[in-house]
Amino acid sequence: MSKSSKTIVLKSSDGQSFEIEEAVVQLMENIKPMIQQKVVKTTIITIPNVTGNILSKIIDYCRKHVSHKEDEDALIEFDTEFVNVDEATLISLADAARVLEIKCLSALCTLV
Amino acid sequence: MRTMDPMKHREQPKVPCQMETEVDIISNLPGHIIDKVLSLLTLRDAVRTSILSSKWRYKWVNLTSLVFDNQSVLVSSQDPTVIKNKMVKIVDHVLLLHNGVIHKFKLSHRDLQGVCDIDRWILHLSRGVVKEFILEIWKGQRYKLPSSLYLCDKLSHLELFNCLVKPPSAFNGFKILTSLDLQHITMDQDVFEDLIYKCPLLERLTLMNFEGFAHLKIHAPKLTFFDIGGVFEDVNFENTFHLSTVSIGLYVNVGNDHELCLGTTSKLVKFFSSLPSIQRLEVQSFFLKFLAVDMVPRRLPIPCMELNYLSLRINFNDMDECLAALCILRSSPNLLELEMLARPDEQPVPRAALKNLMEEDYQSCFLNQLRFIKIAGIFGVPRELNFINFLLANSPILERMTVKPASQDGGWDMVKELLRFRRASVHAEIIYLDP
């Protein structure tokens with residue numbers, strides 16, 4: 001499966017689209033099999049019940065965790081900052097993490 | 001009066017005697033027998049019996065079944081207008097002379113286009129108790145059915161070809177309709193849904209080449225037979241728990257770029273879960289591709305226990321379709337007969353999409369009841385042969401597999417490959433058919 005030719009787009013419940021890389025998808029256990037099965041050039045996946053605002057934060061989280069995989073300190077710093085939000089946002093983030101099945105983020109949200 | 005003198009009796013020639021008795025026998029048959037005999041003739045011949053004798057003048061008028069078709073009109077002219085006019089005269093004539101109930105009325109003649117005379121005849125029928133109505137308009141525009149048709153509440157079979165269906169708003173359905181056959185018809189989306197919903201006893205539904213609606217919402221609790229071929233966007237079976245024979249053909253390619261939605265039930269799962277009694281299924285044209293558009297699960301959550309015949313039109317180069325086929329096979333433990341008809345690619349498939357099925361995709365699929373397999377239209381490419389290999393290896397009681405290629409090319413190579421494949425069944429015959 002060639003990595004460069006595939007385009008993956010996540011669409012939030014309010015219609016915002018975010019193009020993401022395959023490496024990012026690897027963290028989303030629910031999305032991963034969809035990408036693996038569908039061999040088309042562009043895969044657009046709508047995530048119901050997750051707004052663009054939250055989805056954007058989730059994608060940032062995943063990107064950070066992919067790019068700084070080895071750097072534990074940087075990740076801890078990022079995570080602490082990440083959950084430093086109001087309760088409503090935190091709940092939305094936890095829900096989104098559950099829907100997309102991002103294990104590390106789900107764990108992080110429950111710890112708080 | 002003949003004398004009882006045996007000598008005189010013997011002198012009479014035998015032959016005229018016999019003929020006279022024969023005619024009497026037929027004419028004096030009980031009325032219902034004569035009716036039955038007349039009903040087996042074409043309408044033209046039945047009506048012609050009126051010239052046999054005065055006794056026979058009005059025997060045909062009790063016919064309960066009136067069929068006006070290409071055999072009804074025999075005219076020397078080739079001019080369609082002349083033929084049409086003759087036809088109209090014949091139908092008017094017959095209806096006027098007819099006496100008694102009409103249970104079946106069929107009108108199907110190649111030169112009878114949407115004439116308003118048909119409106120008049122339908123009005124006449126609506127005043128009676130017609131049970132079967134068949135109307136086929138061979139040429140020309142869609143014929144708009146008159147509102148009087150919708151008053152025929154005793155209809156149990158309705159068959160229309162090339163008509164426009166637009167019932168009045170007060171239409172309450174055909175309460176005892178059991179069989180509906182609509183081909184080349186136009187109707188609105190809400191009219192379609194309403195019609196199906198308001199015919200609660202519907203058992204057989206045929207829909208071919210329809211226009212005006214694209215969402216098939218089938219709410220028919222008594223439905224057992226469903227045959228559809230056309231262009232539509234989705235199909236939803238509601239409360240069709242007795243549907244046992246289904247044939248679906250989607251005549252338009254669904255394309256390759258689709259939006260998926262996380263968390264929704266896949267089309268494949270939804271389709272089968274709404275058909276728990278399915279016994280015979282034919283998936284034609286692009287319908288398998290349509291079903292495979294979302295995420296295809298490995299197996300269905302609820303297996304199809306009743307499915308014993310499956311026919312799939314499949315593009316072996318399309319991985320989604322192959323996975324969908326495997327999902328269905330994995331979930332049909334009682335499948336007896338399988339037919340796979342190859343559909344060639346419409347456009348050359350991009351390299352990125354030429355992904356092969358993995359060994360794990362073929363696993364855990366046991367075709368323990370499968371006896372007959374038919375494969376047709378293949379070219380002998382690895383994807384096709386791998387699938388055949390898989391079928392042979394997993395069908396322990398297979399009796400016969402027939403393979404018919406699309407063309408003569410590569411036939412010998414294909415046979416060589418087929419010869420190599422291991423067979424799970426010692427009794428399996430593989431028959432190669434010439435294209």
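Determine whether segment B:289-296 contains at least one residue that is of a type in the set (Phe, Trp, Tyr) and under 29 Å from residue A:12 (Cα atoms). Within segment B:289-296, one or more residues are of a type in the set (Phe, Trp, Tyr) and under 29 Å from residue A:12 (Cα atoms). Looking at the structure I just gave you, is residue B:311 in contact (Cβ under 8 Å) with a residue 24 or more places away in the chain, out of contact with any Phe, Trp or Tyr (no Cβ under 9 Å at 6 or more places or on another chain) and either closer than 17 Å to residue B:227 by Cβ or among the hydroxyl-bearing types (Ser, Thr, Tyr) (or both)? It is true that residue B:311 is in contact (Cβ under 8 Å) with a residue 24 or more places away in the chain, out of contact with any Phe, Trp or Tyr (no Cβ under 9 Å at 6 or more places or on another chain) and either closer than 17 Å to residue B:227 by Cβ or among the hydroxyl-bearing types (Ser, Thr, Tyr) (or both). Only a single item in (1) under 24 Å from residue B:416 (Cβ atoms); (2) touching a helix residue (DSSP H, G or I) at 6+ places or on another chain (Cβ under 6 Å) is not met by residue B:365, and it is number (1).
Scanning segment B:92-120 for residues that are crowded, with 16+ Cβ neighbours inside 10 Å, outside any helix (DSSP H, G or I) and of a type in the set (Val, Ile, Thr) yields B:102, B:115.
Quick grid of which residues meet (1) touching a Phe, Trp or Tyr at 6+ places or on another chain (Cβ under 7 Å); (2) in contact (Cβ under 8 Å) with a residue 60 or more places away in the chain; (3) under 30 Å from residue A:44 (Cα atoms); (4) not β-branched (Val, Ile, Thr):
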| residue | (1), (2), (3), (4) |
| --- | --- |
| B:190 | no, no, no, yes |
| B:197 | no, no, no, yes |
| B:208 | no, no, no, yes |
| B:219 | yes, no, no, yes |
| B:248 | yes, no, yes, no |
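Listed by position, the strands (runs of 3 or more DSSP E) contained in segment B:186-235 that have at least 1 residues being loosely packed, with under 15 Cβ neighbours inside 10 Å are B:215-219. Filtering segment B:319-334 to residues that are in a loop (DSSP other than H, G, I, E, B) and buried (at least 22 other Cβ atoms within 10 Å of the Cβ) leaves B:331, B:332. Where helices (runs of 4 or more DSSP H) fall entirely within segment A:1-94, those with at least 1 residues that are facing chain B (nearest Cβ under 10 Å), of a type outside the set (Val, Ile, Thr) and surrounded by 15 or more Cβ atoms within 10 Å (Cβ to Cβ) are at A:32-37.
Considering (1) out of contact with any Phe, Trp or Tyr (no Cβ under 9 Å at 6 or more places or on another chain); (2) surrounded by fewer than 18 Cβ atoms within 10 Å (Cβ to Cβ); (3) not in a loop (DSSP other than H, G, I, E, B), the lone condition that residue B:268 does not fulfil carries the number (2). Within segment B:295-317, if we keep just the residues that are crowded, with 22+ Cβ neighbours inside 10 Å and within 14 Å of chain A (Cβ to nearest Cβ), the residue that is farthest from residue A:40 (Cα to Cα) turns out to be B:296.
How many residues are touching a strand residue (DSSP E or B) at 6+ places or on another chain (Cβ under 9 Å) and without any contact (Cβ under 8 Å) to a residue 60 or more places away in the chain if we restrict to segment B:362-393? Residues that pass the stated criteria total 15. Please indicate, with yes or no, whether at least one residue in segment B:379-392 is assigned to a strand (DSSP E or B), more than 23 Å from residue B:305 (Cα to Cα), in contact with a Leu (Cβ under 9 Å, 6 or more places away or on another chain) and of a type outside the set (D, E, K, R). Among the residues of segment B:379-392, not one is assigned to a strand (DSSP E or B), more than 23 Å from residue B:305 (Cα to Cα), in contact with a Leu (Cβ under 9 Å, 6 or more places away or on another chain) and of a type outside the set (D, E, K, R), which makes the answer no. Among the criteria (1) more than 28 Å from the chain's Cα centre (by Cα); (2) of a type in the set (A, V, I, L, M); (3) part of a loop (DSSP other than H, G, I, E, B), the one residue B:293 does not fulfil is (1). Under the condition of being of a type in the set (Ser, Thr, Tyr) and modelled with pLDDT of 85 or more, the residues counted in segment B:55-76 number 3.
If only residues of segment A:76-104 that are among the hydrophobic types (A, V, I, L, M, F, W, C) and in contact (Cβ under 8 Å) with a residue 60 or more places away in the chain are counted, the one that is nearest to residue A:65 (Cα to Cα) is A:104. Quick one: would you say residue B:240 is part of a loop (DSSP other than H, G, I, E, B) and either of a type in the set (D, E, K, R) or within 14 Å of another protein chain (Cβ to nearest Cβ) (or both)? So residue B:240 fails the test.
The values are calculated or read from the model by the stated rules, or taken from the named source; none is laboratory data. Please read these numbers as outputs of a predicted model, since none were measured by experiment. Cβ atoms come from the backbone with ideal geometry, glycine included; neighbour counts cover every protein chain shown.
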